[in-house]
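Reading through the structure tokens given below for one structure.
Readers should treat all values here as calculations from the given coordinates under stated rules, not as data from a laboratory. Small disclaimer: the values here were computed from a predicted structure and weren't measured. In this analysis, Cβ positions are derived from the backbone assuming ideal geometry, glycine residues included, and neighbour counts consider all displayed protein chains.
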Amino acid sequence: MAIDPAVIGTRTDPFETEAERGRLRFFAKATGQTDAVYTDLSAARAAGHPDLPVPPTFLFCLELDNPDRGRFLDDLGIDIRTVLHGGQRFVHHTAAYAGDRLTFWTEVRDVYAKKGGALEFLVRDTHVTRDGTAVATLTSTTVVRDPRAAER
């Protein structure tokens with residue numbers, strides 16, 4: 001099944017979620033972060049932060065809070081069993097902190113195929129804002145394997 005390039009430029013509905021301190025502390029511990037600014041409010045404030053800073057890759061975790069996160073692939077008719085995570089990139093525009101209400105929305109940037117269509121690539125930019133100000137852009141590449149490719 002070929003992904004129609006007409007999806008380039010389409011956007012998901014925005015959703016909001018909060019960067020909650022407990023989740024930030026858990027993420028810092030789970031990822032082996034030893035800098036106290038990510039777990040201790042006093043250390044964060046002593047370092048000049050208003051609250052615990054959001055670690056750079058934690059925004060991907062918050063993106064998963066989207067209540068309709070699987071809908072986009074479903075709408076394209078993509079079987080989740082054929083999907084691989086092909087890459088992730090983060091561009092940070094400003095810092096985010098515990099307690100921030102962040103808005104996420106995603107736009108399809110590109111669609112292309114390789115290996116004669118056996119692999120299709122879906123490149124999406126997720127824009128993260130706080131009160132209308134850009135916080136970060138998360139670029140993800142999803143690889144979709146054509147299950148019929150092995151039969152060719």
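The list [x] 25, 19, 16; [y] 35, 16, 12; [z] 51, 16, 14 gives values of semi-axes √(5λ) of the Cα gyration tensor in Å, and only one came from this structure; which label was calculated from it?
Among [x] 25, 19, 16; [y] 35, 16, 12; [z] 51, 16, 14, the one derived from this structure is [y].
How much net charge surrounds Val91 when only other residues with a Cβ under 15 Å from its Cβ are counted (Lys, Arg +1; Asp, Glu -1)? Could the numbers behind the result be given before it?
Details: positive: Arg89, Arg109, Arg124; negative: Glu63, Glu107, Asp125.
Taking every Cβ under 15 Å from that of Val91, the sum is 0.
Please give me, ordered by residue number, the chymotrypsin sites (Phe, Trp or Tyr not before Pro) of the range 8-91 that lie in loop per DSSP and have at most 14 other Cβ atoms within 10 Å. Could you put the intermediate results ahead of the total?
On the way: sites: Phe15, Phe26, Phe27, Tyr38, Phe58, Phe60, Phe72, Phe90; in loops: none.
Filter output for the range 8-91: empty list.
Note the full-extension length gain between Lys115 and Phe26 as 0.36 nm times their separation in residues minus their Cα-Cα distance, in nm to one decimal. It would help to have the intermediate numbers written out before the result.
Details: separation 89, 0.36 × 89 = 32.04 nm, distance 4.08 nm.
Separation in residues times 0.36 nm, less the Cα-Cα distance, equals 28.0 nm.
Quick check on the chain: helices-only [θ] at 222 nm, where DSSP H runs of length 4 and up contribute -39,500 (n - 2.57) each and the sum goes over total residues. Nearest 500, please. Kindly include the intermediate steps, with their values, before the conclusion.
Details: 4 runs with 27 residues, N = 152.
When only DSSP H runs of four or more count, the value is -4500 deg cm²/dmol.
How far, in degrees from 0 to 90, does helix 21-30 lean away from the longest principal axis of the Cα atoms of the chain, to the nearest 10?
Taking Cα atoms only, the helix is inclined about 70 degrees.
Taking the Cα centre of the chain as the origin, how large is its charge dipole in debye, to the nearest 20, when only Lys and Arg (+1) and Asp and Glu (-1) carry charge on their Cβ atoms?
Details: 19 positive and 22 negative charges, 100 e Å.
Here the size comes out at about 480 debye.
Would you work out the relative contact order for the range 14-146, in percent, from Cα pairs under 8 angstrom that are 6 or more residues apart?
On the way: 237 pairs, mean separation 35.3, N = 133.
Reported relative contact order: 27 percent.
Would you mind calculating the gained length between Val91 and Asp68 on full extension (0.36 nm times residue separation, minus the Cα-Cα distance), in nm to one decimal? Working shown, then result.
Details: separation 23, 0.36 × 23 = 8.28 nm, distance 2.36 nm.
So the extension gain works out to 5.9 nm.
Using Cβ counts within 10 Å as a stand-in for footprinting exposure, how do Leu41, Leu59 rank, fewest first? Show your work: numbers first, answer last.
On the way: Leu41 16, Leu59 21.
Listing Leu41, Leu59 from fewest to most nearby Cβ atoms yields Leu41, Leu59.
Name the residue from Gly48, Ala95, Thr141 whose Cα lies farthest towards the positive end of the charge dipole of the chain, charges +1 on Cβ of Lys and Arg and -1 on Cβ of Asp and Glu.
After comparing all options, I get Thr141.
7 Å from Cα along Cα→Cβ at both Gln33 and Arg145: what's the point-to-point distance in nm?
Each label point lies 7 Å from its Cα, and together they span 3.4 nm.
Treat the count of other C-beta atoms within 10 Å as a stand-in for reagent exposure and order Val91, Val7 from fewest to most. Each step should come with its number before you reach the end.
On the way: Val91 10, Val7 15.
Ranked by crowding around the Cβ, least crowded first: Val91, Val7.
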